[in-house]
Amino acid sequence: MIEITEHTRNVLLEVAKKKKIYVEGNFLKLLKAPKGDKEFEEYLKLCKEKDVSTRKKRLEVTKQVQSQNKDLVAKQEENDCLMAELQVALEEAKNATWEAEKLKEEAEKGQEQALEDLELMQKRSQFELIGMIVRIALIVICGVGVITTIMYAIALTSGHDTQIIGSTWSNMFGILLTNAFSIVGTIMGVKYASEKDS
């Protein structure tokens, strides 16, 4: 213990009265009031009370800071976790967008292929229809020509008058040839026009 001199005692009491500053901390444990000095004993008692009060306040502040630090650490961990989840979600969104773009491209390619197939089928159907029309037209033309020729031959061999049948036979062949060229010309025109459109 440290015994206080008269001068030190007076300085400490004066500082306490005028400036409200008191001795604190571990140094307070070393101070001892001179025997019989009630005023300085009261001063030391007040210093100890203020020291205890200050220590409690500091402890509360320390606990509060530690609690806030724990909260901040927990919030930081939560933020880090959320950021990681957000990063994963962004990656998944990128992958989903990429897959959607890929599917869109595949769908467009499929649509183009379907349009090409449809156009090819239409052309094939047109060519088949044109071929069938030409065959039927040729069969009709040949059939009429053969029938007319047979009738003319029968009329010639049977001795009947062939003047009417001869002119009819001649006209018939002229009409048949004209119609044949007309059909072929129409078909070629349709074919040329369809090729030009495509």
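The values are calculated or read from the model by the stated rules, or taken from the named source; none is laboratory data. A quick note: this is a predicted structure, and the numbers were derived from the prediction, not measured. A quick note on method: Cβ atoms are made from the backbone with ideal geometry, for glycine too, and the neighbour counts reach across all protein chains shown.
The table for this structure:
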quantity	calculated
Selected residue (only one of 151, 121 is modelled with pLDDT of 85 or more, in the same structural domain as residue 174 (by TED's automatic domain parsing), out of contact with any Phe, Trp or Tyr (no Cβ under 7 Å at 6 or more places or on another chain) and in a helix (DSSP H, G or I))	121
The range 1-19, residues that are β-branched (Val, Ile, Thr) and modelled with pLDDT under 80	2, 4, 5, 8
Test: residue in the range 180-197 that is acidic (Asp, Glu), modelled with pLDDT under 75 and assigned to a helix (DSSP H, G or I)	yes
Residue list for the range 118-138, filter: surrounded by 11 or more Cβ atoms within 10 Å (Cβ to Cβ), over 15 Å from residue 183 (Cβ atoms) and among the hydrophobic types (A, V, I, L, M, F, W, C)	127
Only listed residue being over 30 Å from residue 193 (Cα atoms), surrounded by 13 or more Cβ atoms within 10 Å (Cβ to Cβ) and not polar (S, T, N, Q), chosen from 166, 159, 143	166
Meets criteria (within 25 Å of the chain's Cα centre (by Cα), among the acidic types (Asp, Glu), assigned to a helix (DSSP H, G or I) and surrounded by 10 or more Cβ atoms within 10 Å (Cβ to Cβ)) for residue 85	yes
Qualifying residue in the range 20-34 (condition: farther than 21 Å from residue 58 by Cα, in the same structural domain as residue 59 (by TED's automatic domain parsing) and modelled with pLDDT of 80 or more)	no
Condition check for residue 100: among the small types (Gly, Ala, Ser) and more than 34 Å from the chain's Cα centre (by Cα)	no
